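Accompanying notes for the structure given below.
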Amino acid sequence: MKRYELDEAQWARIEPLLPGKASDPGRTGSDNRLFVNGVLWVLRSGAHWQDLPERYGKWKTAHKRFSRWAAAGVWEKVFDDLIKDRDNQYLMLDSTLVRAHQQATTGRGSGRKKGAFDPAVGRSRGGLTTKVHMACDTLGRPVRFLIAAGQSHDILAVPALLEGHRPAAVLADRAYDANSLRRHLDQIGAEAVIPSTRSRKVPIPHDPLVYRLRNRVERCFNKLKHFRRFATRFDRLARHYLAFIHIAASMLWMR
């Protein structure tokens, strides 16, 4: 088995979830496993699609297929199926800034005006960046992602990250300490395990023992950044970058 490729157990988990099977309507996909391994090579290495090794087929064909699956939400559907056995006791929130490479901010992307940046690229202390918002389960496994411009505030992504979840507690650092969020958590019956900011005149207590678990979401980000196409955004289109995020996260669930 080549480096970065799926082993037999991993392939057995996702094979039924991919389109192009003989039982599916329409055209049957040619060697889905070879194609997915090629996508993983690009994700792990961070290389240009043009540098895709010949063993994975023509790079233009692979890139076109990857783009088609990203537009159809295939990669996100695979991820959603893999996380069905998540542990919902706690939900941990955090975000990370990802530098946007110059090739992600130049040229014209589909549906964008000439010279316009993707809405998920913005300016922050690190220059041109994309912010990746993530929610993890009790075991520190990713369960939901959102991407936004680098300068956006973490609080803005929380409602979408929490949608459909009913955790007993939500763990987050003091950047998430806002009265609006605390009211929202109270409405859904979740305890807010969030330290108070220094600007609060009367600090709100939180469970320090439970809060210790929050480092798991940070460790999850560290694991995801081993995938170079996660650690740096090279893709002009937000849906392509988000697809790579879901593929990387799926690999964590198949370990």
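What to note about this one:
- Compared with the dominant principal axis of the Cα atoms in the chain, helix 59-71 is inclined by about 40°.
- Computed over the chain, the ratio Rg/Rh where both radii use C-alpha atoms and Rh is Kirkwood: 1.00
- Under the criterion of Cα pairs below 8 Å and six or more residues apart, the relative contact order for the chain equals 22 percent.
- Net charge, LEU17 excluded, C-beta distance under 9 Å - Lys, Arg +1, Asp, Glu -1: 0
- Listed residues ARG144, ARG55, ARG214, most fluctuating in the chain (Gaussian network, C-alpha, under 10 Å): ARG55
- Across the range 188-199, computed HN-Hα scalar couplings (Karplus, 6.51 cos²θ - 1.76 cosθ + 1.60, θ = phi - 60°) run 8, x, 10, 6, 8, 9, 9, x, 7, 6, 5, 7 Hz from first to last residue, x flagging Gly and Pro.
- For the chain, with +1 on Lys and Arg beta carbons and -1 on Asp and Glu, the positive-most of ALA190, LEU6, GLY46 along the dipole: GLY46
- In the range 157-236, the portion of solvent-accessible area held by carbon and sulfur atoms comes to 49 percent [1.4 Å probe, whole percent, DNA, RNA and ligands not counted].
- Given charges at beta-carbon only (K, R positive; D, E negative), |dipole| of the chain in Debye: 1020
- Taking a Cβ cut-off of under 11 Å around ARG229, the surrounding Lys, Arg, Asp and Glu residues balance to a net charge of +3, with basic ones at +1 and acidic ones at -1.
- Surrounding net charge for ALA168, when Lys and Arg each add one and Asp and Glu each subtract one, Cβ distance under 14 Å: -3
- Here is how the number arises for the chain: DSSP H runs of 4 or more residues each give -39500 (n - 2.57), the sum is divided by the residue count, and the result at 222 nm is -10000 deg cm²/dmol.
- The number of Lys pairs in the chain with C-alpha atoms less than 21 Å apart, excluding pairs fewer than 8 positions apart on the same chain, is 10.
- Residues whose amide H falls under 5 Å from that of GLU191, counting only those 5 or more places apart or on a different chain, are ALA169, VAL170, with hydrogens built in the peptide plane.
- Between TYR90, TYR241, TYR211, the Gaussian network model of the chain with springs among Cα atoms under 10 angstrom shows the greatest mean-square fluctuation at TYR211.
The values are calculated or read from the model by the stated rules, or taken from the named source; none is laboratory data. All of these numbers come straight from a predicted model, not from anything done at the bench. All Cβ positions, glycine included, derive from the backbone under ideal geometry; neighbour counts span all protein chains shown. These accessible areas exclude ligands, DNA and RNA; they are computed on the full protein's heavy atoms, side chains included. Shrake-Rupley method; radii C 1.70, N 1.55, O 1.52, S 1.80 Å.
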